[in-house]
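A.B. asks: I'd like to ask you about the structure that follows.
The values are calculated or read from the model by the stated rules, or taken from the named source; none is laboratory data. It should be emphasised that the depicted structure is a prediction, and the values quoted were computed from it without experimental measurement. Neighbour counts are summed over all protein chains in view; Cβ atoms, including those assigned to glycine, are modelled from backbone coordinates with ideal geometry. Just the protein is used for accessible areas: all its heavy atoms, side chains included, with ligands, DNA and RNA removed. Shrake-Rupley method; radii C 1.70, N 1.55, O 1.52, S 1.80 Å.
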Amino acid sequence: MAQLPHGVLIVLGSNGKSTTTNILTAIVREHGLSVFTNPTGANLPQGIASALLSEVTLTGRLKREIGVIEVDEAFGEILCRELHPTAAVILNLQIDQIYRFYEPERVAAMFSRILGYVSERVVLNRDDNFLLSLSREVEAENRLELSFFGASQSVLDAAPHGQVLARDYGNEGSTAAAPKSSVYAEVVALNGNDAVLRIGDIDHAVRLPVRGLHYAVDTAGALAIAAGALGDRFDLDVAIRAVEGAKTVYGRGEVLRDGDVDMEILLLKNLASLQLNLDYLDHTPDSVLFALDADSRDPSWLYAADLSRLKYVDVVSGPKAAFLALRLAYEGIPFGVIEPDIVKALGLLRNTPRPASGIRTLILDYDQMILTRRHLGYRDLEAGAA
């Protein structure tokens, strides 16, 4: 990757990597640079290698000017030894895949080691105590340029469950706030898809491709790293235009047309993604399919989720449909039928009366999402690929 004249930007975090990579890629392209990226969210070594092999010439040259690459934190050290990243943005540290990552402190240590391979700058979520602790390490080392992004206190106070960040019990109450002068982008207002981002001391209205605090904060992170990486070439008006024109990453708040109704997919990846997607629904869902795949090894975290935005679930599906049904019953949420086969479940949902909202809400984990998109005729791997 050393051959890329504008360097390699890596995107890290428990949630939002694919969305941020998509937005950041759009921003950089709008500035006229050709980009190498992994647009399908394939963030493990084999996925990045496959994306690379599809672009290099027979002589091994990569005819791109900059890299924007989503990286899985567990493989970050291995990947960054080869990627030689110039800059990194770390979005958040949230409880994710406990069977794989165990404790959040372990992930924080992964982030710290990964930054050892970054050569120029890092951008961190100011609202995350784990990342604020990490910023102290960066400051002490005095090797990387450091800046922040985040949300204002009023926006956080209005969020039903905040950003659902992992709690840094060892540093709560003792971590100082990020210096105001180093906060590049801050979400200061949010209403559905409409956000106001404070860049420096000036507020800018931005129409987000997808609603929700998590998408607004991801956008702030993308703008912050783009500004640092592009330097004098960065044009904020161009960047905002790119954000507003960006297509939704597949399965992340994606809306698919199905006959005379919209199918909106909310990704059920972990507690944070489910909770934030539910928190920012713009209506009470009146047609719902809820599905969980067999690969969700330990779905007990679903008992920590606040499902109160759901009043009724029409169809419960996936190999772990019985578990989901039990979870809904525990919450006192009525449901219609249990159908483990997602294709049959979709048929049952489509045969229900057209919802008054005109929207069918599909709450799906990754594997069930892929099967659903394919069945609905959407066989592309990523809606924003170019």
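A.B. asks: Taking the Cα centroid of the stretch 253-318 and of the stretch 78-140, what is the distance between the two, rounded to the nearest whole Å?
C.D. replies: Each part reduced to its Cα centre gives a spacing of 29 Å.
A.B. asks: With a ≥ b ≥ c taken as the square roots of the eigenvalues of the C-alpha gyration tensor of the stretch 262-386, please select rounded if a/c is under 1.5 and otherwise prolate if a/b is larger than b/c or oblate if it is not?
C.D. replies: Numbers: a/c = 1.29, a/b = 1.16, b/c = 1.11.
Rounded shape, in that the Cα axes give a/c under 1.5.
A.B. asks: Rank these by accessible area, largest first, 1.4 Å probe: 154, 182. Let's see the in-between values first.
C.D. replies: Details: 154 75, 182 25 Å².
In descending accessible area the options line up as 154, 182.
A.B. asks: Continuing with the same structure: Once every Cα of the stretch 227-285 carries one equal point scatterer and solvent is ignored, give the base-10 log of I(q)/I(0) from the Debye formula at q = 0.22 Å⁻¹, two decimals.
C.D. replies: The computed values of log10 I(q)/I(0) come out as -0.93.
A.B. asks: Over the chain, with the other protein chains present, what is the accessible area per residue in square angstrom, probe 1.4 angstrom?
C.D. replies: Values: 16130 Å² over 386 residues.
Accessible area per residue: 42 Å².
A.B. asks: Moving to a separate point now. Which residue, 290, 148, 234, has the most motion in a Gaussian network model of the chain that connects Cα atoms within less than 10 Å?
C.D. replies: Maximum fluctuation in the GNM of the chain, among the listed residues, is at 234.
A.B. asks: Another question about this same structure. Counting each DSSP H run of 4 or more residues in the chain as -39500 (n - 2.57), what helix-only mean residue ellipticity at 222 nm follows after dividing by all residues, to the nearest 500 deg cm²/dmol?
C.D. replies: Working: 13 runs with 133 residues, N = 386.
My calculation for the chain gives -10000 deg cm²/dmol from helical runs alone.
A.B. asks: Still on this structure: Computed from the coordinates I sent, semi-axes √(5λ) of the Cα gyration tensor in Å equals one of [x] 48, 26, 18; [y] 40, 29, 18; [z] 34, 23, 21. Tell me the label.
C.D. replies: Here semi-axes √(5λ) of the Cα gyration tensor in Å agrees with entry [z].
A.B. asks: Here's a follow-up. Can you find, among 228, 319, 119, the residue farthest towards the positive end of the dipole of the chain? Put +1 on the C-beta of Lys and Arg, -1 on that of Asp and Glu.
C.D. replies: 319
A.B. asks: Over the chain, with a Gaussian network built from C-alpha contacts below 10 Å, which listed residue (283, 31, 204) shows the highest mean-square fluctuation?
C.D. replies: Checking each option, the largest mean-square fluctuation is seen for 283.
A.B. asks: Accessible area, 1.4 Å probe, largest first: how do 254, 30, 65 sort?
C.D. replies: 30, 65, 254
A.B. asks: Ignoring ligands, DNA and RNA, please state the percent of accessible area on the stretch 102-215 from carbon and sulfur, probe 1.4 Å. Could you put the intermediate results ahead of the total?
C.D. replies: Values: 2640 of 5460 Å².
Carbon and sulfur together cover 48 percent of it.
A.B. asks: Related question: Please give the length that would be gained between residue 145 and residue 65 if that part of the chain were fully extended, namely 0.36 nm times their separation in residues minus their C-alpha to C-alpha distance (nm, one decimal). Write out the running numbers ahead of the final one.
C.D. replies: Details: separation 80, 0.36 × 80 = 28.80 nm, distance 2.18 nm.
Using 0.36 nm per residue and subtracting the Cα-Cα distance, I get 26.6 nm.
A.B. asks: State, in angstrom, two size descriptors of the stretch 327-366 derived from its alpha carbons: Rg to one decimal place and Dmax to the nearest whole number.
C.D. replies: Cα only, the stretch 327-366: 11.6, 29 Å (Rg, Dmax).
A.B. asks: While we're looking at this one, here's another question. Give me a comma-separated list of calculated 3J(HN,Hα) values for the stretch 291-300, in order, Karplus coefficients 6.51, -1.76, 1.60 applied at θ = phi - 60°, integers in Hz, x for any Gly or Pro.
C.D. replies: 9, 9, 8, 5, 6, 6, 5, 10, x, 4
A.B. asks: Something else: Using DSSP to call loops (not H, G, I, E or B), can you name the trypsin sites (Lys or Arg not before Pro) in the stretch 63-158 whose Cβ has at most 12 other Cβ atoms within 10 angstrom?
C.D. replies: Numbers: sites: 63, 64, 81, 100, 106, 113, 121, 126, 136, 143; in loops: 63, 64, 126, 143.
The qualifying sites are 63.
A.B. asks: Moving on to the next point. Give, rounded to the nearest 20 debye, the magnitude of the charge dipole that the stretch 150-286 has about its Cα centre when Lys and Arg contribute +1 at Cβ and Asp and Glu contribute -1 at Cβ.
C.D. replies: Details: 11 positive and 20 negative charges, 77 e Å.
Charge dipole of the stretch 150-286: 360 debye, to the nearest 20.
A.B. asks: Let me check I've understood the local charge: for residue 154, count other residues with C-beta under 14 angstrom from its C-beta, Lys and Arg +1, Asp and Glu -1. What total comes out?
C.D. replies: Working: positive: 198; negative: 127, 157, 186, 203.
That sum, taken over residues with Cβ under 14 Å, equals -3.
A.B. asks: Here's something else I'd like to know. So which trypsin sites (Lys or Arg not before Pro) in the stretch 307-355 are both in a DSSP loop and have at most 15 other Cβ atoms within 10 Å of their Cβ?
C.D. replies: Working: sites: 309, 311, 320, 327, 344, 350; in loops: 309, 311, 320.
The qualifying sites are 311.
A.B. asks: With a 1.4 Å probe and all protein chains in place, put 284, 352 in order of accessible area, largest first.
C.D. replies: Working: 284 75, 352 40 Å².
The ordering from most to least exposed comes out as 284, 352.
A.B. asks: In debye, nearest 20, what is the charge dipole magnitude of the stretch 198-354 about its Cα centre with +1 on Lys and Arg Cβ and -1 on Asp and Glu Cβ, if you could check?
C.D. replies: Values: 17 positive and 23 negative charges, 48 e Å.
Taking the Cα centre of the stretch 198-354 as origin, the dipole is about 240 debye.
A.B. asks: Report the GluC sites (Glu not before Pro) located in the stretch 119-223 that are in a DSSP loop and have at most 10 other Cβ atoms inside 10 Å of their Cβ, or state none.
C.D. replies: Working: sites: 120, 137, 139, 141, 145, 172, 186; in loops: 120, 172.
Taking the stretch 119-223 and a limit of 10 other Cβ atoms within 10 Å, the loop GluC sites (Glu not before Pro) found are 172.
A.B. asks: In addition: Let me know the charge dipole size of the chain about its Cα centre in debye, to the nearest 20, where only the beta-carbon of Lys, Arg (+1) and Asp, Glu (-1) is charged.
C.D. replies: Numbers: 36 positive and 50 negative charges, 142 e Å.
So the dipole magnitude of the chain works out to roughly 680 debye.
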